[in-house]
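J.: Got a structure here, written out as structure tokens. Questions coming.
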Amino acid sequence: MKPRNTFLRIFAALKKDPLGMAGFILVSLILFLTVFAAWLAPYDPFEVDVYNRLSSPSAAHWLGTDQLGRDVLSRVLFGGQVALKVSLVAISVSLSIGLVLGMLAGFGPRWLDRALVVSFDTVRSFPTIMFALAFVALTGPSLNTVIGVIIITSIPVYARVVRTQTRALRERDFILAERAMGASTGRILRDHVLPNIAAPLFILASMDVPAVVGMEAALSFLGLGVSPPTPSWGSILNDGYSYLRNSPWPIIAGGLPLIAVTLGFTFFGESLRDIFDPKLRKKDQ
Amino acid sequence: MNLPVLNIQDLSINYQTEQGPLQALRNVNLLLPAGKIIGIVGESGCGKSTLISAIIRLLAPNARIAGGAVVFRDRDLLSLSQEQMRSLRGDQISMVFQDPMTSLNPVMTIGRQMFDVQHHGNASRAEKKARSLMMLQRVGIPDAEAQLKRYPHHLSGGMRQRVAIAMALMAEPALLIADEPTTALDATLEVQIIHRLKELQHEFGCSILFISHHLGVIAELCDEVVVMYAGEVVETGSLRDVFVNPQHPYTQKLLECDPARIMHRTRDLPVIEGSLPNLVDLPRGCIFRERCSKSLARCAVERPSLAGDHHQVACHLLDTAS
Amino acid sequence: MSTLLSVRDLYVRYSLGGGLLSLVGKSPSYVDVVHGVSLDINRGETMGIVGESGSGKTTLAMALCGLAPVSNGEVFFNGEKMGQGRNNMLKPDRKRVALMFQDPVGSLNPRMTVRRALAEPFRIHKTGAKSPDKEALRLLSMVGLGDDFADRFPHQLSGGQARRVGVARALALRPDILVADEPTAGLDVSIQGEILNLLSRLQQEMGLGLLIITHNLNVVRHVADQMSIMYLGRFIEQGDSQQIFSQPRHPYTAALLSANPSPDPDAQSDPIELIGDAPSLLNRPLGCGFHTRCPRVQSQCRETFPGVTSATDRHVFNCFFPMGKPKTS
């Protein structure tokens, strides 16, 4: 059998895995809704309507309105854009840096490995929120601050995973065989180590999306993230929290997408992991 | 007359695959009398491992028993509950694997593990210890007392395999299944272990089902031989019948290929041309026909069945000869 | 013409890190996995290195291919001394010295097709070959595999097929010497013959020097011109393989040869049974390494390592009380 297109293979495997399929549909739905928020949102998320404060869901406002009478559905959709931007930028930057540092630690000389591991552990030993507070104190709350905090705290996570995987691969016979054939270290890392750690890493990253989205929400909830009136799931939750006695709807509306993101990316990520694991892959004979 | 220890009758096992059922074993018969050692010979894909898993009832989840019986003394193992089977394993049926670490727990001392296997019955701690020491000495482990306090990783491969054998024989099982127990060992150790096994078998009187691809070891140890090819028994008989006077073309080829038998130096070693048939889509007729140099027209249409008194062969050539 | 590969007094020493072990004070802080080994291989010749697991034979192979540190000794290739690089690893000419690994599937990248794996040597060395992919197909046919194998992944190959791919890749750049670590391990007897025949054929076609590392004496008997028997990192007997097979002089060699059970039930087997296992390299016995198991041991053996004795001009051994001579009491 010829190796088919990767997307076709993923799709074929998903058809047999209902949970993975559900995850895939959720993820696609979330991406679609947030990317096209500008067209899909029924109202301007900033438009204040004080006569219509904290209303319950109705035909006009599907998810009700918040304490300033803004349409919650529209704010949730636009908040998704913030969440998506943060996770995309933060994960891709920290993944790239973590990949390079992790491979250096895993394949490089011993002293470099030790130095890098110590610095990863140092960064990891700060509690994220404390770290964020310190960072915000220096730069002030903004979306970029959130991204910066997430990048710095995520690099060691990726780097450690990459380092462990690289170390394990380093002693494998096929890497030794490459060395015996005279392949350069760069070539070995690029052609043999990277492809073998890319899939698990990619899956790890996809499962990290909910964590990053959650972190952005948490930082915004604490007022350390995006500044008002920019909508973010965290700030929607924060606003809703203050008026919980008046209306539960903003909390529900801010919490649901977080749950959807978590479930969607986790199910999809786990399904991808099974698909890409060559040992679990069925023999095509 | 003594009941045979193991009597496998017409056993067929399939594995469910996406392409359809893979017929791993087809109408396999095997009779292991009490106190005998039977060697199973065959190359990868012949069904040895499936056969063992069926006997100890640890088949892969996608395996289906398509028919037949595995009678241990007077009970059909295939009809026992998992609970009943568990109490048989380790008590009346023991196993020794290729890798002794399969049966040894890496985080427990040898002594602890040897006492634990004696949970059947109610011996005192001192009795268990005495028995463990005796067994370790019997398998040729020096300074047995000190070994009881050590962990498996302290021991060399040869010593570990001896411990595994000692543990397997501890319960004085009626049947010992040894799956390539010496394959991972070096030649000088292999001989030691084989000789120990033979002595112990005489002493304890158990029956042994011995699986090996090393024909020399089979010849050294076994009374009878079963030759398997692609899920079928193609020849069975006494060691002498099969190894000195092989009748099935596959057995003949296999023996011919063994470099240990080729005493003159050659750069052109014999091989068996061709490859195993696809067990999902079985060819008609004889399973070995495609690789057989002596096949007849009849071999393409009719599957030969085992024939003969004690030395049984599944081959049409024998009909023609008589 | 000079010898193709010549090894003189080679040591591979690993330090044990000097951690907790050195605090205990009992163990040495290093271990010589290969201990003063010398050998010569000529073009077109096969040398078999035989030893039990842990005797250091694989480490020797790795060292010769620049994958294990050489702490002492010299290696000459075509008369030229091989240089040493980082961590004292030898720097053989990778195009001239090829290595075949023991595990044929494990030595292939699981994510690369056979075609890409076979094209690797050409890509690495950017050699004249215009199309590495075409070369890959040529190599496949050289080892008797069809083009349809080119798109398979390693886990889709049988043991024998993976081994053929290993042979093809090792010989891709037409090396002068091939180091083959256990080339028949894990193969059925009928396939063993195929692989050995293939190696012999290609050796004759290419005039290859072949170094075969194995514990299978039957392999050595059929393919090796010369053999070296290794025990605890040292060669204890070396020479023409037929001479050694017909008259082993070292008691260990004799035990090893007699411990080769014959499939003939009528064969008179009278193996020399050794006591116990080989000691660990970590506590290498003083004197002759084999004295703990040797049936002919004398007090002298426990103190000094026996020097080289010549049995014939093509057969040497290290033993004070060799076989084939009455034991002195």
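Only the coordinates and a few stated rules stand behind these numbers; no lab work does. Note that this is a predicted model, so its numbers are computed, not measured. A quick note on method: Cβ atoms are made from the backbone with ideal geometry, for glycine too, and the neighbour counts reach across all protein chains shown.
J.: Taking R0 as 41 Å, what's the FRET efficiency between residue A:12 and residue B:268 from their Cβ-Cβ distance, rounded to 0.05?
T.: 0.30
J.: Here is a further query. Pairs of alpha-carbon atoms within less than 8 angstrom and 6+ residues apart define the contacts here; what relative contact order does chain C have, in percent?
T.: Result for chain C is 19 percent.
J.: A follow-up question, please. Between residue C:15 and residue A:92, with labels modelled 7 Å along Cα→Cβ, what's the label distance in nm to one decimal, could you check?
T.: Simple spin-label model gives 4.6 nm for this pair.
J.: Right, another one. Are there cysteines in chain B with no second cysteine's Cβ under 4.7 Å away, and if so, which?
T.: So, B:46, B:206, B:222, B:257, B:292, B:315.
J.: Have a look at B:167, B:153, B:215 and report the one farthest towards the positive end of the charge dipole of region B:131-251, computed about the Cα centre with Cβ charges (Lys/Arg +1, Asp/Glu -1).
T.: Going by the Cα projections, it comes out as B:153.
J.: Of A:232, A:210, A:195, which is farthest towards the positive pole of region A:173-244's charge dipole, taken about the Cα centre with +1 and -1 on the beta-carbons of Lys, Arg and Asp, Glu respectively?
T.: A:195
J.: What per residue convex hull volume, in Å³, comes out for chain C when only alpha-carbon positions are used?
T.: Measuring per residue, one finds 160 Å³ for the Cα hull of chain C.
J.: Can you say what percent of the DSSP beta bridges in region B:164-322, counting only those with both residues inside, are antiparallel? Round to 5.
T.: 65
J.: For chain B, what does the relative contact order come out to in percent, with C-alpha contacts under 8 Å and a separation of six or more?
T.: 21
J.: Give me the distance in nm between label points sitting 7 Å out from Cα along the Cα-to-Cβ direction at residue C:8 and residue A:19, one decimal.
T.: 6.6
J.: Here's something else I'd like to know. Given a Förster distance of 25 angstrom, what is the FRET efficiency for residue A:48 paired with residue A:227, based on the Cβ-Cβ distance and rounded to 0.05?
T.: Given R0 = 25 Å and the Cβ-Cβ separation, E is 0.90.
J.: Roughly what would the spin-label model give for residue B:296 and residue C:29, points 7 Å off Cα along C-beta, in nm?
T.: 7.8
J.: If you don't mind, another one. Using alpha-carbon positions, what is the distance between the centroids of region A:178-208 and region B:285-306, in Å?
T.: 50
J.: Can you give the average number of partner chain beta-carbon atoms within 10 Å of each beta-carbon in peptide C:162-172, as a whole number?
T.: For this peptide, the per-residue mean of nearby foreign Cβ atoms is 1.
J.: Hey, another quick one. Would you please state the base-10 log of I(q)/I(0) at q = 0.18, 0.19, 0.21 1/Å for region A:169-285, with intensities from the Debye formula using one equal scatterer on every alpha carbon?
T.: With one equal scatterer per Cα and no solvent, log10 I(q)/I(0) is -0.93, -0.98, -1.08.
J.: If you count, for every residue in A:223-236, the Cβ atoms of partner chains within 10 Å of its Cβ, what is the mean?
T.: Neighbouring Cβ atoms belonging to other protein chains average 0 per residue here.
J.: Which is the longest part of chain B that has none of the GluC sites (Glu not before Pro) sitting in a DSSP loop with at most 13 other Cβ atoms within 10 Å?
T.: B:19-272
J.: Right, another one. About the Cα centre of region C:113-157, how large is the charge dipole given +1 on each Lys and Arg Cβ and -1 on each Asp and Glu Cβ? Please answer in debye to the nearest 20.
T.: 220
J.: In percent, how large is the relative contact order of region B:133-233, given Cα pairs closer than 8 Å and 6 or more residues apart?
T.: Here the relative contact order equals 26 percent.
J.: Based on the mean of other Cβ atoms within 10 Å per residue, sort peptides A:117-124, B:54-61, C:214-221, A:103-110 so the most packed one is first.
T.: C:214-221, A:103-110, B:54-61, A:117-124
J.: Pull up the DSSP beta bridges for the protein assembly as shown and report the antiparallel fraction as a percent, rounded to 5.
T.: The antiparallel proportion sits near 60 percent.
J.: May I ask you to derive the FRET efficiency for residue C:300 and residue B:238 from their Cβ-Cβ distance with R0 = 51 Å, giving the value to the nearest 0.05?
T.: The computed FRET efficiency comes out at 0.55.
J.: Continuing with the same structure: What are the semi-axes of the equivalent ellipsoid for region B:1-134, taken as the square roots of 5 times the Cα gyration tensor eigenvalues, largest first, in whole Å?
T.: Ellipsoid semi-axes (Å, largest first): 31, 19, 14.
J.: Next question, about the same structure. By count of other Cβ within 10 Å, fewest leading, how are B:282, B:136 ordered?
T.: With the fewest neighbours first, B:282, B:136 line up as B:282, B:136.
J.: OK, next. Given +1 on the Cβ of Lys and Arg, -1 on the Cβ of Asp and Glu, and no further charges, what dipole in debye does region B:261-304 carry about its Cα centre, rounded to the nearest 20?
T.: That gives a dipole near 220 debye.
J.: Counting Lys and Arg as +1 and Asp and Glu as -1, each charge on the Cβ, what is the dipole of the protein assembly as shown about the Cα centre in debye, to the nearest 20?
T.: That gives a dipole near 1740 debye.
J.: Who wins for biggest fluctuation among C:57, C:95, C:130 in a Gaussian network model of chain C, springs between alpha carbons below 10 Å?
T.: Looking only at C:57, C:95, C:130, the largest GNM fluctuation is found for C:130.
J.: Can I ask one more? Once the dipole of chain A is set up with Lys and Arg at +1 and Asp and Glu at -1 on Cβ about the Cα centre, which of A:58, A:106, A:94 lies farthest towards its positive end?
T.: The Cα lying farthest towards the positive end belongs to A:106.
J.: Another question, then. Based on DSSP H runs of at least 4 residues, each adding -39500 (n - 2.57), what is the mean residue ellipticity at 222 nm of chain B after dividing by all its residues, to the nearest 500 deg cm²/dmol?
T.: Computed ellipticity for chain B at 222 nm equals -9000 deg cm²/dmol.
J.: Also: Can you tell me the 0 to 90 degree angle between the C-alpha axis of helix A:143-170 and the longest principal axis of chain A, rounded to 10?
T.: With rounding to tens, the tilt is 20 degrees.
J.: What is the distance in Å between the Cα centroid of region B:1-56 and that of region A:108-150?
T.: So the separation of the two Cα centres works out to 61 Å.
J.: So, one more: When the convex hull of the Cα atoms of region C:187-329 is projected onto a plane and the area is averaged over all directions, what value comes out in nm²?
T.: If I average the Cα hull's projected area over directions, I get 10.6 nm².
J.: Across peptide C:92-101, what mean number of C-beta atoms from other chains lies inside 10 Å of a residue's C-beta?
T.: Counting Cβ atoms of other protein chains within 10 Å of each residue's Cβ and averaging gives 3.
J.: Oh, and also: Hey, how many Å between the Cα centroid of region B:172-193 and the Cα centroid of region C:65-137?
T.: Region B:172-193 and region C:65-137 have Cα centres spaced 38 Å from each other.
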